[in-house]
Amino acid sequence: QDHVCSLAKVPFRGAPCSDAAGRQVPYSAIMKQVNSSLSGLLWDDEQKSPFYEYKDALGHFHQVWYDDPLSISLKAAYVKNRGLRGIGMWNGNCLDYSKEAVAEQQTEAMWQALTP
């Protein structure tokens, strides 16, 4: 099926969904790879999240899901509109804090998205 990717099963590691093997990728790497990916940027309206697909050098298919300023702002607005107590993000250390102009703009946009 289009846009269906299965994850390898690994032993339960004590957290919800921890039997699905995946790995964390820095946001800067995602931003560099999405434009040259097999699919380009795709959007899942149910999850309100972007993702893309690519094949590695061995021809294995991969799918990368992530948050961007739009998806975070939609989730933050959802929290605010329902009077919930807050929102969190997986790992802010994966943003690019270098002094490169594009990186600074992307990182600032991500932090701004948390405050609807």
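Only the coordinates and a few stated rules stand behind these numbers; no lab work does. Because the structure is a prediction, the values reported are computed rather than measured. Note that each Cβ is placed from the backbone with ideal geometry, even for glycine, and that neighbours are counted across all protein chains shown.
Count Lys and Arg as plus one, Asp and Glu as minus one, and take only other residues whose Cβ is under 11 Å from that of residue 51; the net charge is then -4.
Sequence-ordered 3J(HN,Hα) estimates for the stretch 64-69 from the Karplus curve with 6.51, -1.76 and 1.60 and θ = phi - 60° stand at 10, 9, 7, 10, 10, x Hz, glycine and proline given as x.
For a straight C-alpha distance cut-off of 15 angstrom, the aspartates and glutamates reachable from residue 55 (same-chain residues fewer than eight places away being disregarded) are 2. Pair-distance distribution of the stretch 70-116: all C-alpha pairs, bin width 5 Å, starting at 0; shares per bin in whole percent are 5, 22, 26, 22, 14, 8, 4, 1. Protection proxy ranking of 66-72, 41-47, by the mean of other Cβ atoms within 10 Å over each peptide's residues and highest first, is 66-72, 41-47.
When the Cα convex hull of the stretch 22-114 is projected onto planes of every orientation, the mean area is 6.9 nm². With 0.36 nm allotted per residue and the present C-alpha distance subtracted, the residue 100-residue 55 stretch has 13.4 nm of extension available.
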